[in-house]
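Visitor: I have a structure I would like to understand better, so I am pasting it below and will then ask my questions one at a time.
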Amino acid sequence: MMASVRHDLEGAYLAQRRANRDSAAASGPRIRVLIAQTGGSAEQRAYTVGQVLHRRGAEHIVAAVGLGGSTASSQDMVGELTAGGLPAFGSVLTADSWAGTPGLVRVAPPNADQASAAVRFLSAGARTRARVLLVEDVAAGDQYTSTLATQFRARMPTGRLAGAVLFDSKADGQVATFRHQVGELCAARPDVVYFAGRGTSLPAFLTALAERPCRDRPLTIVSGDDATQVTRTDGFGPRDLAAALRTGRVDLVYTGLAHPGAWDVAPRAFAPQAIAPFRDGTFTTAFPHSGLDDGRAIMMYDTLLIATRALRGAPTSSGPTATDVHRTLAALREGTGVPGASGWITINGDGGPRDKAIPVIRIEPNGRTTTIAVTSADGTPYTPTGT
């Protein structure tokens with residue numbers, strides 16, 4: 001979790017630096033970032049949100065950026081912020097339940113698009129006839145896992161589904177639960193498992209798979225973007241991942257939000273000027289010991305730049321207000337797209353991106369990640385006409 005927060009801050013810094021040094025900074029307002037820690041409880045979140053809204057005037061706060069993950073608590077927070085008058089820009093909010101939230105713009109491809117991308121990946125080449133078992137987290141309040149499972153089930157042809165296995169990530173003893181369920185998995189004889197769960201639940205699942213009695217059959221696991229968290233669980237590091245993948249004969253793949261390998265696999269889907277700060281040494285000079293593989297820095301970079309575009313589009317000479325930013329959001333929805341390092345971003349009427357580029361990423365046993373394909377909801381990432 002702390003690595004994700006650090007990468008978010010790195011992306012925000014890079015976007016702030018670019019925004020304050022580009023040509024628009026000469027005539028428009030300079031960007032300042034105020035960091036708000038929401039804590040881990042409802043009381044802490046409410047206090048932080050209250051402080052942000054209370055300081056709007058003194059700190060000249062005109063937008064909220066980032067906003068955490070797709071959970072009920074995040075949705076409550078966004079509701080409080082937008083009800084208080086602040087426009088909100090989500091960097092990694094993918095649950096489809098966010099669609100149409102007033103005052104919210106989302107940069108990440110929604111779970112419906114990720115599910116479509118996963119089905120497309122599993123419907124090409126030798127995978128066309130693969131039988132797929134759905135493993136679904138049914139923990140209450142997690143919009144990410146519930147919408148990911150729903151959208152995948154709706155898109156995968158029923159004749160290829162080998163059944164479903166349910167688990168609750170909030171219950172104790174996940175490894176024991178999965179060990180009990182691998183017999184069911186072996187009986188179903190799937191070629192692929194679609195894991196509609198958080199990346200922090202993958203270690204327990206992979207551990208159980210490495211002990212399954214049907215290891216004579218190799219297995220591909222496909223999951224959503226949260227799979228980046230697989231080695232950020234206490235007691236499960238890169239060596240544990242390598243052992244589980246090799247012993248279990250598992251190929252681990254996920255649909256991501258952003259990945260540097262995508263720029264080489266599908267260069268036409270990305271504007272050169274958008275990815276330049278990550279390729280010309282600017283990012284590595286500022287953060288020599290960091291990385292981009294989990295996509296968090298790239299996503300936060302794009303999100304802050306989108307917010308800056310809305311802020312500087314306000315027709316005012318006295319400095320934009322939150323109300324001005326709200327008004328310019330309509331221009332983002334009607335525009336031809338904003339070049340982002342995660343792909344071209346064009347905002348739908350429901351506040352989410354249309355046909356956003358989605359990299360399909362493999363996690364190797366050595367922990368490295370590799371983009372093996374770039375797709376989208378309809379198979380072709382959005383690019384403006386003429387690019």
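The values are calculated or read from the model by the stated rules, or taken from the named source; none is laboratory data. Keep in mind it's a predicted model, so treat the numbers as computed, not measured. Here the Cβ positions follow ideal geometry from the backbone for every residue, glycine too, while neighbour counts run over all protein chains shown. SASA here: full protein model, heavy atoms, side chains in, ligands and nucleic acids out. Shrake-Rupley method; radii C 1.70, N 1.55, O 1.52, S 1.80 Å.
Visitor: Quick check on this structure: which one of ASP96, ASP76, ASP142, ASP113 is surrounded by 24 or more Cβ atoms within 10 Å (Cβ to Cβ), charged (D, E, K, R), out of contact with any Leu (no Cβ under 8 Å at 6 or more places or on another chain) and within 25 Å of GLY352 (Cα to Cα)?
Guide: After ruling out the rest, the residue left standing is ASP113.
Visitor: Can you pull out every residue in segment 117-160 that is of a type in the set (A, V, I, L, M), outside any helix (DSSP H, G or I) and touching a strand residue (DSSP E or B) at 6+ places or on another chain (Cβ under 8 Å)?
Guide: LEU122, ALA130, VAL132, LEU133, LEU134, VAL135, VAL138, MET156
Visitor: Which of the residues spanning segment 47-76 are at pLDDT 90 or above and among the aliphatic types (A, V, I, L, M)?
Guide: VAL49, VAL52, LEU53, ALA58, ILE61, VAL62, ALA63, ALA64, VAL65
Visitor: Listed residues THR231, THR247, THR200; which is hydroxyl-bearing (Ser, Thr, Tyr) and touching a Gly at 6+ places or on another chain (Cβ under 7 Å)?
Guide: Going through THR231, THR247, THR200 in turn, just one is hydroxyl-bearing (Ser, Thr, Tyr) and touching a Gly at 6+ places or on another chain (Cβ under 7 Å): THR231.
Visitor: Kindly provide the set of residues from segment 311-362 that are part of a loop (DSSP other than H, G, I, E, B), closer than 20 Å to ASP378 by Cβ and either at pLDDT 95 or above or open to solvent by less than 10 Å² (accessible area, probe 1.4 Å) (or both), ordered by number.
Guide: SER342, THR346, GLY351, GLY352, LYS356, ALA357
Visitor: Quick one: which residue in ARG232, ARG217, ARG153 is touching a Lys or Arg at 6+ places or on another chain (Cβ under 8 Å) and surrounded by fewer than 20 Cβ atoms within 10 Å (Cβ to Cβ)?
Guide: Criteria check complete, one pass: ARG217.
Visitor: Inspect all residues belonging to segment 294-307 and state whether any of them is open to solvent by less than 20 Å² (accessible area, probe 1.4 Å), under 25 Å from ARG120 (Cβ atoms) and of a type in the set (D, E, K, R).
Guide: Yes: segment 294-307 contains one or more residues that are open to solvent by less than 20 Å² (accessible area, probe 1.4 Å), under 25 Å from ARG120 (Cβ atoms) and of a type in the set (D, E, K, R).
Visitor: Determine which single condition THR385 fails, assuming it passes every other condition in (1) farther than 28 Å from GLY84 by Cα; (2) polar (S, T, N, Q); (3) not in a loop (DSSP other than H, G, I, E, B).
Guide: With respect to (1) farther than 28 Å from GLY84 by Cα; (2) polar (S, T, N, Q); (3) not in a loop (DSSP other than H, G, I, E, B), THR385 is out only on (3).
Visitor: Residue check, ALA164 against (1) without any contact (Cβ under 8 Å) to a residue 60 or more places away in the chain; (2) in a helix (DSSP H, G or I), all met but one. Which one?
Guide: Looking at each condition in turn, ALA164 falls short on (2).
Visitor: Can you tell me which residue among ALA242, ALA258 is among the aliphatic types (A, V, I, L, M) and in contact with a Ser or Thr (Cβ under 6 Å, 6 or more places away or on another chain)?
Guide: ALA258
Visitor: Just checking, which of ARG217, ARG179 is more than 16 Å from GLU136 (Cα to Cα) and either of a type in the set (Phe, Trp, Tyr) or in contact (Cβ under 8 Å) with a residue 12 or more places away in the chain (or both)?
Guide: Result: ARG217 is the single residue among ARG217, ARG179 that is more than 16 Å from GLU136 (Cα to Cα) and either of a type in the set (Phe, Trp, Tyr) or in contact (Cβ under 8 Å) with a residue 12 or more places away in the chain (or both).
Visitor: Another one. Could you tell me how many of the residues in segment 116-128 are open to solvent by 40 Å² or more (accessible area, probe 1.4 Å) and touching a residue at least 12 places away in the same chain (Cβ under 8 Å)?
Guide: 2
Visitor: Still on this model: Considering only segment 184-205, I want to know if a residue exists there that is open to solvent by 40 Å² or more (accessible area, probe 1.4 Å), free of Cβ contacts under 8 Å to residues at least 40 places away in the same chain and farther than 25 Å from ALA108 by Cβ.
Guide: The answer is yes; a qualifying residue exists.
Visitor: Would you mind telling me which numbered condition in (1) more than 27 Å from TYR144 (Cα to Cα); (2) surrounded by fewer than 16 Cβ atoms within 10 Å (Cβ to Cβ) ALA46 fails?
Guide: In the conditions (1) more than 27 Å from TYR144 (Cα to Cα); (2) surrounded by fewer than 16 Cβ atoms within 10 Å (Cβ to Cβ), ALA46 misses (1) alone.
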